Amino acid sequence: MCSKEFLEFIIRKKSQSEDDIVLYEDSTVYEFLPYSLDGFSLDKKGILVYDFDILKLFPEFDLKKIEDETIYWEKEMILTARIDKIVEHIKNNLSSRRAIISLWSDTFRENSFLSSACIHTFYFRVKLGNELEMHTHARANDLYNCVFLDLQFINFVHRMVASKIGMKVGKHIHFVDALHIFKKDLYKIENQTNFMEKSELWHC
């Protein structure tokens, strides 16, 4: 399905949500073969940085979103022991089905005014052939404003954990309970669609 056909499909399709601010919403699953997606890295001081020119792919992308996401991911993943603990667990339990990083807290549900984790679970599983498969689970993903940025960070974590345990990056499966587009972003989606039709960067 090309970008224009996808846009027409979204506009025609009734959203699976009663939320008035949502144009389109449905659940989905992405499955990716091993890949490398640049974007996030650690500088010499171990600080999380974003070093990708996202405007070349999404000319109207809000750069403040990158700043907010970088701060969030650094706080939740880089400045905590979560990654080191999961690496140690996998090294000591190669057949484990419990290599899980969970970012969810019931406080998010009990207090709707709190900013809550969208991607709340990272699951790692060692597969035959010395590959580290990863599954991620999101309660919600904003198709225009977040998906590409989230995949950049998720892939960064996948590659980091695989490197630390001396394995190859395996398959990545991303589960989304509510993949959505907001009505306020429809004009951006339309502009992005036109850009994708014309830009060589989007033509495989």
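The values are calculated or read from the model by the stated rules, or taken from the named source; none is laboratory data. What you see is a predicted model; the values in this text were computed from it and never measured. Glycine gets a Cβ as well: all are built from the backbone with ideal geometry, and neighbour counts include every protein chain shown.
One table, with the values for the structure above:
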item: Residues of the stretch 68-97 satisfying the condition of being in contact (Cβ under 8 Å) with a residue 12 or more places away in the chain, acidic (Asp, Glu) and under 17 Å from Val147 (Cα atoms); result: Glu69
item: Candidates Ile47, Ile21, Ile66, Ile54 - the one that is exposed (fewer than 13 other Cβ atoms within 10 Å of the Cβ) and modelled with pLDDT of 95 or more; result: Ile47
item: Any hit, the stretch 78-95, residues being closer than 30 Å to Asp19 by Cβ and not small (Gly, Ala, Ser); result: no
item: Check on Phe108, at pLDDT below 95 and touching a Leu at 6+ places or on another chain (Cβ under 7 Å); result: yes
item: Tally, over the stretch 181-191, of residues that are under 11 Å from Phe58 (Cβ atoms) and modelled with pLDDT under 90; result: 1
item: Output for the stretch 24-44, where each listed residue is of a type outside the set (Asp, Glu), more than 21 Å from Val169 (Cα to Cα) and surrounded by fewer than 13 Cβ atoms within 10 Å (Cβ to Cβ); result: Ser27, Lys44
item: When residues of the stretch 70-100 are limited to those that are of a type in the set (Gly, Ala, Ser) and loosely packed, with under 11 Cβ neighbours inside 10 Å, the one farthest from the chain's Cα centre (by Cα); result: Ser95
item: Any chance Thr107 is within 21 Å of the chain's Cα centre (by Cα), of a type in the set (Ser, Thr, Tyr) and within 24 Å of Asp19 (Cβ to Cβ); result: no
item: Residue check, Ser115 under 18 Å from the mean Cα position of the chain (by Cα), hydroxyl-bearing (Ser, Thr, Tyr) and farther than 20 Å from Val87 by Cβ; result: yes
